[in-house]
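Below is one structure; the comments refer to it alone.
The values are calculated or read from the model by the stated rules, or taken from the named source; none is laboratory data. Predicted model only: the values in this text are computed from it and were never measured. Note: ideal-geometry Cβ built from the backbone for every residue, glycine included; neighbour counts use all protein chains shown. Heads up: the accessible areas ignore ligands, DNA and RNA and are worked out on the full protein's heavy atoms, side chains in. Shrake-Rupley method; radii C 1.70, N 1.55, O 1.52, S 1.80 Å.
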Amino acid sequence: MLVAKRVQGLQAVQLALSISGALVLFWVLLLCYVVLRDQWTLNLERYLVYNVVIVGALMVDFLRCRRWTGFMSQGMESRMNAVRVAFVQTVTVLLAMGFFSLTFKDMVISRVFLVGYLVFLLFFLYWASKRMPRWLASRFFRGCRMQRAFIAGENVAVNRVKELLEPQTHCGIELTGYISNSSDTEGGVSGLQHLGYLDQLEGILDQHRPSLLVYSGLPNGNELLRLRDACENAGSRLLVAYDLEPEIARSAVFHHLNGLPIMGMHEEPLESPANRVLKRAFDIVVSLPVVLFVLPVVGLIVKIAHWRQSRGPLIFRQVRSGLHNERFVMYKFRSMHVDSGPEHQQATHGDARVFSFGKFMRRSSLDELPQFINVLLGEMSVVGPRPHLTLHDEEFYEQDRRYRMRQFAKPGITGLAQIRGFRGLTVDSADIVKRISADLDYLKHWTLTMDLTIVLRTVLHVVKSPRSAC
């Protein structure tokens, strides 16, 4: 695609120039340091090794982000955006240098020089992020590389595409006119010349010879062939902008399966076997020490509290729905009196069924610790959508029809909904919808870093004991 290829190319050029600038800065500052400190006997080979570290760190940061936000239309003039990008890149270089220095116990290179270099590097990368994209675009896309573009489709769709493409003028796209449906008589498109109607497409393209035609809509096979032939005959490129509802367009993903274009409604990172292995490894690393060292000690304390306040079994067992709606037995420390009423009744603030130490366990989430056994058994994950009672599954499904989508991940001890404050008693339908939305966000955007962040924030939430815990 024209725009994507141009942006990717500019990114590659900016990466090369940024790395080159960082290396030139390194040697210029080193020369200044040598002159000022009068130290002419440096181990230049070791300093060259740090150049390799700098190159590697900047390339890793580029690959991690896949794109530099300096090329996003919203970020072309954003100072804070440039500061954020430069700061992350500088920290990446700092961490890479620190790792190398500690690993090889390097005491040769001057720490004073490295600190000074990192300060200057931060300012250089800020300039590279804020100024370089527009400067590069102005050099690469001018004259015959400036693409005169028309938009075709219904006026409402044309307006949407226009709003998205107008900020891309730095990529050499100039919107000059639009072609509407013959049945589209309502409104117009401000700032663009109306050139005619789609049934006159061939004549319009032949007369004006635009470099690019952007069709906004979902054409069928015959319509697409007609658009392609008309553009090829006029020497114009054709881009099809799928006219999807904004809510769908934000999350839709496109793939090719043996040459067959396929559109999905959202990403599913946990369908990758590699990601599942990473998540399972994270679950074992977190849960195994808890089961071996923490659970026996806490279990003894809870058993003593049971003996004093509410005698009965240590563990409370309950059937919940797991991955792909498979049933499993979930374990918790018992926090209520034995035979205290129906299982499906949710605990409320001041609930008489909960004995005093049980209230503390529920506030601090200590009653959830036995679920690390479920994690080791592979029935649950440390992080994921919280499992609800099977009776509540249908009730919540009636409140939000997206509820069953949660079954595509293992249920978790904690989750994105919990760190957003949605834990404990479900108050109303709005509360249920917010929980489900958070769970689905987790499914669509999972990363190992997200799991680690959720675990750390859960620890902070446990310390604070939010009001919703009861």
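Observations on the structure shown:
- Highest to lowest packing among 104-115, 384-395, 17-28, scored as the average C-beta count within 10 Å: 384-395, 17-28, 104-115
- Listed residues Phe408, Tyr397, Cys32: farthest to the positive end of the dipole of the chain (Cβ charges): Cys32
- Projecting the Cα atoms of Val329, Phe140, Leu164 onto the charge dipole of the chain, computed from C-beta unit charges around the Cα centre, puts Val329 farthest toward the positive end.
- Solvent-accessible surface of the chain, averaged per residue with a 1.4 angstrom probe and all protein chains in place: 56 square angstrom.
- Prolate/oblate/rounded call for the chain, Cα gyration tensor, a/c under 1.5 rounded: oblate
- Accessible area of His256 in the full protein assembly, 1.4 Å probe (Å², nearest 10): 150
- In degrees, nearest ten, helix 429-445 long axis to first principal axis of the chain (Cα): 60
- Heavy atoms of Val285 accessible to a 1.4 Å probe, total area in Å² rounded to 10: 100
- For the chain, share of DSSP beta bridges that run antiparallel, in % to the nearest 5: 40
- For Lys105, no lysines have a Cα closer than 25 Å to its Cα, not counting residues fewer than 8 places off in the same chain.
- When the C-alpha to C-alpha distance is required to be over 20 Å, the pairs from Lys162/Lys444; Lys279/Lys434; Lys5/Lys444; Lys279/Lys444; Lys410/Lys444 that qualify are Lys162/Lys444; Lys279/Lys434; Lys5/Lys444.
- 12 Å beta-carbon shell around Val329, net charge (K/R +1, D/E -1): +2
- Solvent-accessible ranking of Tyr33, Tyr117, Tyr197, largest area first, probe 1.4 Å: Tyr197, Tyr33, Tyr117
- Of every Cα-Cα pair in segment 79-204, the percent that sits beyond 18 Å: 69
- Sulfur and carbon atoms: percent of accessible area, segment 274-414 [1.4 Å]: 61
- Accessible-area ranking of Glu379, Glu268, Glu232, Glu368, largest first, probe 1.4 Å: Glu232, Glu268, Glu379, Glu368
- Globularity index of segment 2-48, i.e. its alpha-carbon radius of gyration over 2.2 N^0.38 Å: 1.77
- The charge dipole of the chain, taken about the Cα centre with unit charges on the Cβ atoms of Lys, Arg (+1) and Asp, Glu (-1), comes to about 1960 debye, rounded to the nearest 20.
- Protein-only accessible surface at a 1.4 angstrom probe places the residues Lys410, Lys303, Lys130 in the order Lys303, Lys410, Lys130, largest first.
- For segment 196-320, the share of DSSP beta bridges that are antiparallel, to the nearest 5, is 50%.
- Rounded tilt (10° steps) of 448-464 against the dominant C-alpha axis of the chain: 50
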